[in-house]
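Visitor: Please see the structure below; I have some questions.
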Amino acid sequence: MPPTRAKKACTTCNGRRIRCNVMDQQPCANCVALNTHCEIGVSRRGKYPRNKIRRGTPQQQQEHVQPQISTPVSASPAYSWRTPASESHAQINHAERIALKPSLAHTQQTVFLGESSPLTCVIDEGRTRSPDKGYANEMSKARLHYPIPERLDANITREETLRAHKSTMKEQLTRNGAFSFPSKEIRESLLQAYFTWFHPCFPMLDRKVIHDTYKNETISPLLLQAMLFIGVSLCPDTTFAKTGFQTRYRAKVLFHSRARAIYDADWESNKITKLQALFLLSFWRGGPNEERDTRFWLEVGICLAQKRGMHVMSKLSFQSGREEMLWKRIWWAYYIRDQQSSAALGLPARIRDEDCDIAMLEPKDIQDEERVEDQEVFGVQHAEHIPYPIEMAKLARLLRAIVSTQYLPRQPTAHGISRETLHSQLTEWESHLPAEMKLESQSTPSAIFLTGLLHMTYNNLYILLYRPLFLHPTTTTTTTTTETQGTIALEAATRSTRIIEDMLSHNLVQHGPNHLITHAFSTLCIHTINCCRTTGTTRKLAEHRARLCLLGLQELQKSWDLENWVLDLFFRCLDESTAHCLRSGDTLVSEMGMGRSHGAANLSNGSIETNDATGAIAADNSQQWQDPSPDLMAPNDWYGLFNFTDDYTDVLGMSSQPDSLNLQSLEFLYRFL
């Protein structure tokens, strides 16, 4: 006997046309899974004027719908998104069904207003005068979240206009290929890469929710394109070869531009989904003149998160513990990335600790409550996956403290934290590491990968803390003491090099997040300077460590686009013999002396393939695509930077005088890779 149909459904499930159990429990199971507000709407049956619609026969309806579903998806001469005829309809239909289900359901909209808002004091006063009744008392239950009056709610007052806009946007996005997806096999191989390499580092998605929405074909197109962008960046070379793209850069431009087009069209209405997608889009590494770079997407996401009140989460109430844990994971992911990118670029952080009131991550916030069925694609949580994001969040706070006390334009005078205090905090952090994050006790690739990333970040904090003393050892009162403290940066760089070597031996560097580029480059600079200051065996060891750093950067170049202009400046800071040995070619050295316009175009034995986003998509997408970023480089062909002779005992063959390096310029370069 078929199950009895529910007499009522909440507005969310009604809008998505899915089964709802709100009559048994509220919030319903679907709203709990999607972290949305569950509300039973008022039926409009018999309360609106009906328009006479000529429905036609089922055959006529099918003839009307069929051309839209069977429209050829974008294709390139080298590779077609379309599957063989026997599978074409099902695959394309999957992509269309995803695109045809935006979040149109009406839920109670709220706005966050902080403590300094005048409205807050009105609510407090009303609660004091009328503690048992009144609107103010009702508002105090969600003191900082205020419901938007229905007459101001766009979903009510301009519903028809928005529907027309959605329809227009859907046609435009479909025509431009924003809702086109690769075949199921490729799609799931890229999702597998996402959950294998990226999700353990930033668990800001609910694995179970993503699994369920993907399987029932209701996953957000914006989020799916963003996940495919990350997946194609981190997938192994064997997996990427099956996608049919000529270069990984082209594939990244395609998925990123599709996600960006969906975001620009304001197609996605779920704010949490937007936050998740914006975070993934922030891993786009644009050129120096590109406005929509990493910082752009991070700042947009942080602004949206703060408008939701995530930065003062301790003062908010949640419908479920699952929702609260998801919010915490999202906020701390943004916090970590914001501190990393601001420190790497020497720019102000958008998140300040003094503005926040949020608890530190705990193991219960990271643990998956349920296991998914398709573990081959969506992965399974391992023991090391739980402490990693927690410890990274703690290091991000220490990074904030180091940058704010050591690198601000105006150094704090009265209440600044001393270098010794920060050193002791780093030591204390290491002493309290859980066993899963101990570097010496790991054997599985996943554990080696995550512990390596964590300790690279830890060592980089020592480099940041003691780098000024390493670069300028005679700037303080006691030269001997300063030199001893300066060697702490060198020791940290040496430890990082051992981690890079270990990760290289397991083929793990390629899959690391892009902040690993900053750490590897910072380590390379320390060893390069040490080469100038030492002789004999010590110098040869420094040369060998510098070579390992370059090999690590070469592996990272497979996944992330290293900044050519930064490496150009890096080699300009070296003396001629150093640059010659690092680049291993007289032609390359002469090009570096001719300026960036020549060096950026020919950084290897072959010229760099220059692509803008429009050209890249035109090759992999036969439909017209306009992208406002014409100066994006495709730095996928400058491996000449990493070429060495078999005898690399004098890789950095140079003068032993410290003056052979421009230390001021080299210190400036630490910020960018």
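The values are calculated or read from the model by the stated rules, or taken from the named source; none is laboratory data. Just so it is clear, the model here is predicted, and its values are computed rather than measured. So basically every Cβ, Gly included, is an ideal-geometry build from the backbone, and we count neighbours across all protein chains shown.
Visitor: Cβ-Cβ below 7 Å, separation at least six or inter-chain, first residue in the stretch 181-205 and touching a residue at least 12 places away in the same chain (Cβ under 8 Å) and farther than 20 Å from R258 by Cα, second among the aliphatic types (A, V, I, L, M) and not in a helix (DSSP H, G or I): which pairs?
Guide: Every condition considered, the pairs that remain are H199/L205.
Visitor: Tally time: how many residues in the stretch 490-521 are over 21 Å from the mean Cα position of the chain (by Cα), in contact (Cβ under 8 Å) with a residue 60 or more places away in the chain and either surrounded by 24 or more Cβ atoms within 10 Å (Cβ to Cβ) or within 19 Å of A542 (Cα to Cα) (or both)?
Guide: Residues in the stretch 490-521 being over 21 Å from the mean Cα position of the chain (by Cα), in contact (Cβ under 8 Å) with a residue 60 or more places away in the chain and either surrounded by 24 or more Cβ atoms within 10 Å (Cβ to Cβ) or within 19 Å of A542 (Cα to Cα) (or both): 1 in total.
Visitor: Please pick out the residue among E384, E420, E354 that is part of a helix (DSSP H, G or I) and in the same structural domain as R295 (by TED's automatic domain parsing).
Guide: Answer to the check: E354.
Visitor: What number of residues in the stretch 529-542 are within 27 Å of T451 (Cα to Cα) and either buried (at least 24 other Cβ atoms within 10 Å of the Cβ) or aliphatic (A, V, I, L, M) (or both)?
Guide: So the answer is 2.
Visitor: Scan the stretch 275-296 and give yes if some residue there is in contact with a helix residue (DSSP H, G or I) (Cβ under 8 Å, 6 or more places away or on another chain), assigned to a helix (DSSP H, G or I) and of a type in the set (G, A, S), otherwise no.
Guide: Here is the first cut: in the stretch 275-296, the ones in contact with a helix residue (DSSP H, G or I) (Cβ under 8 Å, 6 or more places away or on another chain) are 275-288, 292, 294-295.
Add one more test, that the residue is assigned to a helix (DSSP H, G or I), and what stays is 275-281, 294-295.
Filter once more, so that each one left must be of a type in the set (G, A, S): 277.
Scanning the stretch 275-296, I find at least one residue that is in contact with a helix residue (DSSP H, G or I) (Cβ under 8 Å, 6 or more places away or on another chain), assigned to a helix (DSSP H, G or I) and of a type in the set (G, A, S), so the answer is yes.
Visitor: List pairs: first residue in the stretch 426-446 and touching a residue at least 24 places away in the same chain (Cβ under 8 Å), second residue assigned to a loop (DSSP other than H, G, I, E, B) and aliphatic (A, V, I, L, M) anywhere in the structure, Cβ distance under 9 angstrom, at least six positions apart or on different chains.
Guide: What qualifies is P434/I386; E436/I386; L439/L433; P445/L508.
Visitor: Of the residues that make up the stretch 298-312, is at least one under 23 Å from T457 (Cα atoms), in the same structural domain as A359 (by TED's automatic domain parsing), in contact with a helix residue (DSSP H, G or I) (Cβ under 8 Å, 6 or more places away or on another chain) and touching a residue at least 24 places away in the same chain (Cβ under 8 Å)?
Guide: Checked against the condition, which is being under 23 Å from T457 (Cα atoms), in the same structural domain as A359 (by TED's automatic domain parsing), in contact with a helix residue (DSSP H, G or I) (Cβ under 8 Å, 6 or more places away or on another chain) and touching a residue at least 24 places away in the same chain (Cβ under 8 Å), the stretch 298-312 yields at least one hit.
Visitor: Among (1) within 12 Å of the chain's Cα centre (by Cα); (2) buried (at least 23 other Cβ atoms within 10 Å of the Cβ); (3) at pLDDT 95 or above, where does W284 come up short?
Guide: With (1) within 12 Å of the chain's Cα centre (by Cα); (2) buried (at least 23 other Cβ atoms within 10 Å of the Cβ); (3) at pLDDT 95 or above applied to W284, the lone miss is (3).
Visitor: Any idea which of F245, F255 is modelled with pLDDT of 95 or more and within 18 Å of L190 (Cβ to Cβ)? Walk me through it before giving the result.
Guide: Details: F245 fails: modelled with pLDDT of 95 or more.
Criteria check complete, one pass: F255.
Visitor: In the list F449, F521, which residue meets the criterion of being of a type in the set (F, W, Y), more than 20 Å from W197 (Cβ to Cβ) and outside the structural domain of V232 (by TED's automatic domain parsing)?
Guide: Every option except F521 fails the conditions.
Visitor: Scan the stretch 500-533 for residues that are assigned to a helix (DSSP H, G or I), aliphatic (A, V, I, L, M) and closer than 26 Å to T294 by Cα and jot them down.
Guide: Those that are assigned to a helix (DSSP H, G or I), aliphatic (A, V, I, L, M) and closer than 26 Å to T294 by Cα: I500, M503, V509, L516, I517, A520, L524, I526.
Visitor: If I filter the stretch 5-19 for residues that are more than 15 Å from S320 (Cα to Cα), exposed (fewer than 10 other Cβ atoms within 10 Å of the Cβ) and either of a type in the set (G, A, S) or at pLDDT below 70 (or both), do I get at least one hit?
Guide: Yes.
Visitor: Separate question: Does K271 satisfy the criteria of being free of Cβ contacts under 8 Å to residues at least 40 places away in the same chain and touching a helix residue (DSSP H, G or I) at 6+ places or on another chain (Cβ under 9 Å)?
Guide: yes
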